[in-house]
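Student: Structure below; questions to follow.
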Amino acid sequence: VKKSEVVRLILKERWRAAPYHLQANAYAPINIALCKYWGKRDQELNLPLTSSFSISLNNHGATTELKINGKENDEIFVNDILISEDSVFSKRLIDFLDLFRHDHFPRFTMIIKTNIPIAAGLASSACGFAAMTLALDKLFNWQLPKDKLSILARLGSGSACRSIWDGFVEWQVGVSADGMDSYGIAIPNKWPDLCVGLLIMSLQEKNLSSREAMQRTVMTSPLYQAWPNKVTHDLFILKQAICDNDFNSLGKTAESNATTMHATMLSAWPPVSYAIPETLHAMHTVWKLRDQGLAIYFTQDAGPNIKLLFQKNDIQNVREHFAAVDIVEPFLEI
Ligand code: DP6
């Protein structure tokens, strides 16, 4: 199934080549997976091999402004810098926009502003594509329900389907070939005490995309066959932990899910590792603090940075040990 067919299925009579407004903008948060998406059953539609589960980081994300520019080409600015048309990032964005227009017209100026580092494993592509989808919805006045927006965002980047929502989100694996049953669903439970600490170890762009790395893992890792069972187990425990307000169970499950994903990657060939020495150092610090009685856990995505999980009561303690930590309270009303 082609992306364009899915777009047609979703937009139906809403399809219009001509935008309704000349300009639109939208915001979407980054999301951190507590149970990861790692492996696809369909590369074209970004359909996953397993479900996944995340938490959106309310005030950390991307704002995307779309303006019809009347020019021959699209222009993309990321944090005020004009991005080359030949870069992988702009190609992905332009291919995505092409799904919603005829023969590349109209052309857009896209102004993307993030308050997080791009491509350092902080899910910036996820919030970028989610914000882009929400901006397109406004520009063309589709007024689509969120499940359909989630499917469209997934066509840009898999994990983007979770950034359409705030709070806890489950991305259901689905079974259909066109992916119409594979989208993010908001889990209504709130956890006001939950904190996520972002530890930025490197602002360097990663040299292997998560897209390539997950495909390599699926194709070559002898451990990958254990991954779907691990996800089923972890999803069940995570949802239980949220219902029971059991922080240690949530933290342990999220950390173990991340370390299992990274162990599986490391066993791919050629091996994949996103860790740098600072990453390992932070992990050892978390383990030491836990031995000393602090309820702190971590997770890591396709980059060297570590995301800490802890509760509000321990903010001071966490700041003492991680001076540079950027603390997010995902359920804080802002
Ligand atoms: C490690 O969503 O970036 O962050 O679908 O190829 O665009 P594509 O991959 P992407 O992968 C994210 C992987 C992850 C885990 C997660 O967020 O669940």
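Student: Kindly put 12, 91 in sequence by how many other C-beta atoms sit within 10 Å of each C-beta, fewest to most. Mind showing how you got there, number by number?
Tutor: Details: 12 7, 91 12.
By the 10 Å Cβ count, ascending, the order reads 12, 91.
Student: I've got another one for you. Can you work out ³J(HN,Hα) from phi for every residue in segment 328-334, in order, using Karplus 6.51 cos²θ - 1.76 cosθ + 1.60 and θ = phi - 60°, giving whole Hz and x for Gly and Pro?
Tutor: Per-residue couplings from phi come out as 10, 10, x, 9, 5, 6, 10 Hz.
Student: Run the dipole for segment 86-171 about the Cα centre, Lys and Arg Cβ at +1, Asp and Glu Cβ at -1, nothing else charged, and hand back the magnitude in debye, nearest 20.
Tutor: Working: 10 positive and 8 negative charges, 21 e Å.
I would put it at about 100 debye.
Student: Sticking with this one: With 10 angstrom as the radius, rank 6, 175, 218, 169 by how many other C-beta atoms surround their C-beta, starting from the fewest.
Tutor: 175, 218, 6, 169
Student: At a 10 Å Cβ-Cβ cut-off, how would you order 37, 274, fewest neighbours first?
Tutor: Values: 37 26, 274 22.
The most exposed by this proxy come first: 274, 37.
Student: Report, by chain and number, residues whose modeled amide H sits under 5 Å from the one on residue 42, excluding near sequence neighbours (fewer than 5 apart, same chain).
Tutor: 47
Student: Once amide H atoms are placed 1.01 Å from N in the peptide plane, what residues at a sequence separation of 5 or more from residue 104, or on another chain, have their amide H within under 5 Å of its amide H?
Tutor: none
Student: Explain nothing, just the number: dipole magnitude of the chain about its Cα centre with +1 on each Lys and Arg Cβ and -1 on each Asp and Glu Cβ, in debye rounded to the nearest 20. Spell out each step's value before the answer.
Tutor: Values: 33 positive and 35 negative charges, 101 e Å.
Charge dipole, the chain, about its Cα centre: 480 debye, nearest 20.
Student: Could you tell me which residue out of 24, 305, 199 lies farthest along the dipole of the chain toward its positive end? Charges go on the beta carbon: Lys and Arg +1, Asp and Glu -1, centred on the Cα centre.
Tutor: Farthest towards the positive end: 24.
Student: Here's a follow-up. Rank 84, 39, 94 by how far each Cα sits towards the positive end of the charge dipole of segment 13-106 (+1 on Lys, Arg Cβ; -1 on Asp, Glu Cβ) and give me just the farthest.
Tutor: 39
Student: On to the next question. Taking a ≥ b ≥ c as the square roots of the eigenvalues of the Cα gyration tensor of segment 1-125, is the shape rounded (a/c under 1.5), prolate (a/b larger than b/c) or oblate?
Tutor: Working: a/c = 1.77, a/b = 1.20, b/c = 1.47.
In terms of gyration-tensor shape, oblate.
Student: Where a ≥ b ≥ c are the square roots of the eigenvalues of the C-alpha gyration tensor, would you call the chain rounded, which needs a/c under 1.5, or, failing that, prolate if a/b is larger than b/c, or oblate? Mind showing how you got there, number by number?
Tutor: Values: a/c = 1.68, a/b = 1.55, b/c = 1.08.
Judged from the Cα gyration tensor, the chain comes out prolate (a/c at least 1.5, a/b above b/c).
Student: Turning to a different aspect of this structure: How far is the Cα center of segment 203-263 from the Cα center of segment 135-153, in Å?
Tutor: 29 Å
Student: A further question follows. Which percent, to the nearest 5, of DSSP beta bridges fully inside segment 62-185 are antiparallel?
Tutor: On the way: 12 of 16 bridges.
The answer is about 75 percent antiparallel.
Student: Is there a pair in 3/252; 2/36; 2/146; 12/67; 113/146 whose C-alpha atoms are over 32 Å apart, and which pairs would that be? It would help to have the intermediate numbers written out before the result.
Tutor: On the way: 3/252 37 Å; 2/36 25 Å; 2/146 21 Å; 12/67 24 Å; 113/146 22 Å.
Pairs exceeding the cut-off: 3/252.
Student: Something else now. Nothing charged except the Cβ atoms of Lys and Arg (+1) and of Asp and Glu (-1): what's the magnitude of the dipole of segment 1-44 about its Cα centre? Round to the nearest 20 debye. Walk me through the numbers on the way to the answer.
Tutor: Working: 9 positive and 4 negative charges, 17 e Å.
It comes to approximately 80 debye.
Student: Arranged from highest to lowest average of other beta-carbon atoms within 10 Å per residue, in what order do the peptides 227-236, 293-302 appear?
Tutor: Details: 227-236: 17.1, 293-302: 20.8.
With the highest mean Cβ count within 10 Å placed first, the list reads 293-302, 227-236.
Student: Okay, moving on. Near the amide H of residue 167, under 5 Å away, which other amide H atoms are found, from residues 5 or more places off or on another chain, if H is placed in the peptide plane?
Tutor: So residue 167 has HN proximity to 56, 58.
Student: What nm value, rounded to one decimal, do you get for the distance between residue 292 and residue 105 when each label is placed 7 Å out toward the C-beta?
Tutor: Modelled inter-label distance: 6.6 nm.
Student: 7 Å from Cα along Cα→Cβ at both residue 263 and residue 5: what's the point-to-point distance in nm?
Tutor: Roughly 4.0 nm, to one decimal.
Student: A further question follows. Take the alpha-carbon centre of segment 74-105, take the same for segment 286-334, and report the distance between them in whole Å.
Tutor: 35 Å
Student: Do the sum for the chain: with -39,500 (n - 2.57) for every DSSP H run of n ≥ 4, divided by all residues, what is the mean residue ellipticity at 222 nm, to the nearest 500 deg cm²/dmol? The partial results should precede the final answer.
Tutor: Values: 9 runs with 118 residues, N = 334.
Here the helix-only value at 222 nm equals -11000 deg cm²/dmol.
Student: Have a look at 82, 144, 152 and tell me which one the Gaussian network model of the chain (Cα, springs below 10 Å) gives the largest fluctuation.
Tutor: 82
Student: Among 283-289, 49-55, how do they line up from the highest to the lowest mean number of other beta-carbon atoms within 10 Å?
Tutor: Details: 283-289: 16.1, 49-55: 23.4.
In decreasing order of mean packing, 283-289, 49-55 become 49-55, 283-289.
Student: Let me ask something else about it. Using a Gaussian network model of the chain with C-alpha springs under 10 Å, which one of 126, 324, 135 is most mobile by mean-square fluctuation?
Tutor: 324
Student: Want the number for residue 141 to residue 284: 0.36 nm per residue separation, take away the alpha-carbon distance, what's left? Write down the numbers at each step before the final one.
Tutor: Numbers: separation 143, 0.36 × 143 = 51.48 nm, distance 4.99 nm.
Full extension of this stretch gives 46.5 nm more.
Student: Considering only 30, 306, 276, give the residue with the highest GNM mean-square fluctuation for the chain, with springs between Cα atoms whenever their separation is below 10 Å.
Tutor: 276
Student: Oh, and also: How far is it, in nm, from the label point at residue 81 to the one at residue 229 when both lie 7 Å from their Cα along the line to the Cβ?
Tutor: It is 4.5 nm.
Readers should treat all values here as calculations from the given coordinates under stated rules, not as data from a laboratory. Predicted, not measured: the structure shown is a model, and the values here were computed from it. Note: ideal-geometry Cβ built from the backbone for every residue, glycine included; neighbour counts use all protein chains shown.
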